[in-house]
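Participant: First, the structure itself, so that you have it in front of you.
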Amino acid sequence: MDVHKIGIVGAGQMGNGIAHVMALAGYDVLLNDVSADALSGALDAIDRNLSRQVGRGKISEEAKDQAVARISTTQTLSELGRSDLIIEAATERETIKQAIFEDLVPHLASHTILTSNTSSISITRLASRTDRPERFMGFHFMNPVPVMQLVELIRGIATDEETFATCKTVVDRLGKTAASAEDFPAFIVNRILMPMINEAVYTLYEGVGSVQSIDSSMKLGANHPMGPLELADFIGLDTCLAIMNVLHDGLADTKYRPCPLLTKYVEAGWLGRKTQRGFYDYRGEVPVPTR
């Protein structure tokens, strides 16, 4: 199936990043959010990020202007029903995602493909709440979307081959690489990454090392570009905890038990960069470890 119009639900960091790359690749994008401020902020972020690409010589000023012109916004979810492909990029809570899909279904064109940018939730379960499980799959971008090259494509139990092939073609047009993943908790990237981050938090919790020594050890000893605690702050500690809970609940294995210290930070509202405090305090000129 040829895709021309793409609807995106959620104008946060992931949603605006997806809109950015889709518009730059030549797709017409309709970006939806319940908040007018979120939509305005998303357009500002997209403009800034495209300008940064122009400044680095990665795209031309003309390409930027054309991409911006391809993006429109709406607070009315039903208007996305005319899209060929819809990507849900709302909060990582299953009840919210289910409600979005249930509200969308009555307004969809017969050919519309539904996808979710979820990083861990069952695609099969989400698809079962729609009228088109065969045209539903996981479309998981990495953060930050304009920079990261990987997209996980996750088939639900009912996803048909045409749907997968269509989404794979979209990823190819973006100039990104698709990794096919089966529908098990957290898929590939987060199935491996989040337990590592959780183990780093346990290492801090048990006093084996400080925030700084843990991050320095992994950057200099394992050649990671960011330390695991620094990366957790970048992702969001609430997101890390949510994914660990999905792994723990879905696989029933104690090795996925979230570290109590991670839970404590989330309870405190110290969620990382987005709240200015997590394993580091970002309120000054230089991030300072909080533990």
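No value in this document is a laboratory result; all are computed from the given coordinates. Here the structure is a predicted model, which means the values were calculated and not measured. Using ideal geometry, Cβ is built from the backbone for each residue, glycine included, and neighbour counts are taken over all protein chains shown.
Participant: Tell me the angle of helix 36-55 to the major Cα principal axis of the chain, expressed in degrees between 0 and 90 and rounded to the nearest ten.
Facilitator: Long axis of 36-55 versus the principal axis of the chain: about 80 degrees.
Participant: While we're on this one: Per residue of the chain, what 222 nm ellipticity follows from adding -39500 (n - 2.57) for every DSSP H run with n ≥ 4, rounded to the nearest 500?
Facilitator: Only helices count here, giving -14000 deg cm²/dmol.
Participant: Report, in degrees rounded to the nearest 10, the 0 to 90 angle that the Cα long axis of helix 13-24 makes with the longest principal axis of the chain.
Facilitator: 40
Participant: Still on this structure, I have one more. Work out the P(r) tail for segment 148-206: percent of alpha carbon pairs separated by more than 15 Å, whole number.
Facilitator: Every Cα pair in segment 148-206 considered, those over 15 Å come to 59 percent.
Participant: Count charges around Q212 for me, please; just the other residues with Cβ under 11 Å from its Cβ, Lys/Arg as +1, Asp/Glu as -1.
Facilitator: Neighbour charge sum, excluding Q212 itself: 0.
Participant: Taking 0.36 nm per residue of sequence separation and subtracting the Cα-Cα distance, how much length would be gained by fully extending the chain between K219 and T169, in nm to one decimal?
Facilitator: Additional length available on full extension: 14.5 nm.
Participant: A follow-up question, please. Averaged over every viewing direction, what's the projected area of the C-alpha convex hull for segment 26-161? Give it in nm², one decimal, please.
Facilitator: The orientation-averaged projected area of the Cα hull of segment 26-161 comes to 8.5 nm².
Participant: What Kirkwood hydrodynamic radius do you get for the chain when you take the inverse of the mean 1/r over all pairs of distinct Cα atoms, in Å?
Facilitator: 19.9
Participant: If each residue of separation counts as 0.36 nm, what is the full-extension length gain between E285 and K58 once their alpha-carbon separation is subtracted?
Facilitator: 78.8 nm
Participant: Rounded to whole Å and ordered largest first, report the semi-axes of the equivalent ellipsoid of segment 190-283 derived from its Cα gyration tensor (root of 5λ).
Facilitator: 19, 16, 12
Participant: Return the distance in nm (one decimal) between the two label points of a simple spin-label model at V68 and D2, each offset 7 Å from Cα along Cα→Cβ.
Facilitator: Placing both labels 7 Å along Cα→Cβ, they lie 2.9 nm apart.
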